[in-house]
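Enquirer: To start, I am sharing the structure in question, which I have written as structure tokens.
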Amino acid sequence: MIKKLYLVSPGPVPIPEDALVEAAKPIIHHRTEIFSDIFMEVAEGMKYIFQTKQDIFIFASSGTGAMEAAVANLLSPGDEVITINGGKFGERWGEIARAWGLNVHEIVLEWGEPYTGDQLYEELKAHPNVKAVFATLSETSSGSVYDIKSFAEATAKTDAVLVVDAISGLGATPCPMDEWGVDVIVAGSQKALMIPPGLAYIALSEKAWNLVENSKFPKYYFDLKAYKKSLGKKTTPYTPAISLIIQQKKTIDFIKKMGLETIFEHHRILADATRAAVQALGLELLSKIPGNIATAVKVPEGVDGIALVKTVQKKYGVYIAGGQSSYKGKIFRIAHLGYMSAFDIITAISAVEMALAEQGYKFDMGAGVKAAMEIFRREWK
Ligand SMILES: *Cc1c(COP(=O)(O)O)cnc(C)c1O
């Protein structure tokens, strides 16, 4: 049979056609008025998605580059920080902070367990010298969403800044930077922002800029002061990823046209349908705080999780994601992120059902697809 490939992974994600074709066009030079205008439309347009009045800085890097930039620009050798590790990406904050020689208080959570602003405030009181708290909006590895608003309320009562990895969440689930008082948000292009990997974004509050002014870490490529100076000249200090910026302009237009609230609601409906579908198959969610970016599902007893994901991906061509780290083989993840529709979810669920049937898992074939269809039919707008 013809094997058509479907991307149902939490990054990279499918890309709208009008953004996709931009990458095939002849390249233009970046030190031109035409490019500067597009660049500024992206830098300004991104403020709408971050829900901030602050400047947005754009790096040619993957999302992790902006995470490292946050550490390098805010802190100084030996500073104390808190990292919240509820999965692969929260763990990454700790790895970066330790790589930079920081004094790290790492809060290690079971994957999918909640953590509250009150708990964070207690931790901050216990460590009054902490300069920054590093958290994750959407923990893609466990399919969780954290209560960033409550974290921001906790850090606001202290001198510490709140730095949020919103790489998979920004533009898919609410995180209004200014309204909630988040000090730093980092984002990446290949998730809800609906273009290929290669751009990272960062925005900082005034409280965070004060730390930048006093940071003693050495830095060069990710020196935010250089980006700030260049932004005043409608450009970046080094060659921007020209084609990606042009693609980003297209999807910002798309997101603006739909409206952020409608996009959030879209992700919520896809996530609800996915959750209903897997539960109708007798499967359980990993997370107690499931988000609308990716659904992490426990592999049932008697099913080989690695073989399951392999069948769905290699045999059927449907790129769902497996589990990471110690959850490899124990969970699989269906993303509902970026330029996806109801039918991407139905495709993913049907492929999972076929692969489950191949392993002799006992269930009512079609029950998952049916549950998803019922939600889509009811919620279709
Ligand atoms: C994808 C992702 C990252 C990593 O981004 P890269 O672009 O691979 O560097 C970090 N955090 C979260 C929550 C993610 O989903």
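Enquirer: Give just the number: which of (1) free of Cβ contacts under 8 Å to residues at least 12 places away in the same chain; (2) within 16 Å of the ligand (Cβ to nearest atom) does Glu301 not satisfy?
Expert: (2) is the only condition that Glu301 fails.
Enquirer: Select from region 5-32 the residues that are among the β-branched types (Val, Ile, Thr) and more than 16 Å from the ligand (Cβ to nearest atom) and write down the one among them that is nearest to Phe343 (Cα to Cα).
Expert: Val21
Enquirer: Only residues in region 75-102 that are assigned by TED's automatic domain parsing to the domain that holds Ala208 and open to solvent by 60 Å² or more (accessible area, probe 1.4 Å) count as the first member; pair them with residues that are part of a loop (DSSP other than H, G, I, E, B) and among the basic types (Lys, Arg), Cβ under 9 angstrom, at least 6 apart or cross-chain, and list the lot.
Expert: Cβ pairs passing all conditions: Pro77/Lys216.
Enquirer: Out of Ile306, Ile331, Ile320, which single residue is surrounded by fewer than 18 Cβ atoms within 10 Å (Cβ to Cβ) and among the β-branched types (Val, Ile, Thr)?
Expert: Of Ile306, Ile331, Ile320, the one residue that is surrounded by fewer than 18 Cβ atoms within 10 Å (Cβ to Cβ) and among the β-branched types (Val, Ile, Thr) is Ile306.
Enquirer: Restricting region 125-164 to residues that are out of contact with any strand residue (DSSP E or B) (no Cβ under 7 Å at 6 or more places or on another chain) and of a type in the set (A, V, I, L, M), which is surrounded by the most Cβ atoms within 10 Å (Cβ to Cβ)?
Expert: Among those residues, the one meeting the criterion is Ala154.
Matching residues to (1) assigned to a helix (DSSP H, G or I); (2) out of contact with any strand residue (DSSP E or B) (no Cβ under 7 Å at 6 or more places or on another chain); (3) away from the ligand (no atom under 16 Å from the Cβ):
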| position | (1), (2), (3) |
| --- | --- |
| Ala192 | no, yes, no |
| Lys216 | no, yes, yes |
| Lys250 | yes, yes, yes |
| Lys256 | yes, yes, yes |
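Enquirer: Mind counting the residues in region 44-60 that are in contact with a Leu (Cβ under 8 Å, 6 or more places away or on another chain) and surrounded by fewer than 20 Cβ atoms within 10 Å (Cβ to Cβ)?
Expert: Here the count works out to 5.
Enquirer: Let me ask something else. For the subset of region 109-124 comprising residues that are closer than 21 Å to Gln324 by Cα and either among the β-branched types (Val, Ile, Thr) or away from the ligand (no atom under 16 Å from the Cβ) (or both), which member is surrounded by the most Cβ atoms within 10 Å (Cβ to Cβ)?
Expert: Filtering region 109-124 for residues that are closer than 21 Å to Gln324 by Cα and either among the β-branched types (Val, Ile, Thr) or away from the ligand (no atom under 16 Å from the Cβ) (or both), the one surrounded by the most Cβ atoms within 10 Å (Cβ to Cβ) comes out as Pro114.
The values are calculated or read from the model by the stated rules, or taken from the named source; none is laboratory data. These numbers were taken from a predicted model, which means no experiment stands behind them. Don't worry about glycine lacking a Cβ; one is built from the backbone with ideal geometry, like all the others, and counts go over all protein chains shown. Protein only, heavy atoms only, side chains kept; ligands, DNA and RNA dropped before computing areas. Shrake-Rupley method; radii C 1.70, N 1.55, O 1.52, S 1.80 Å.
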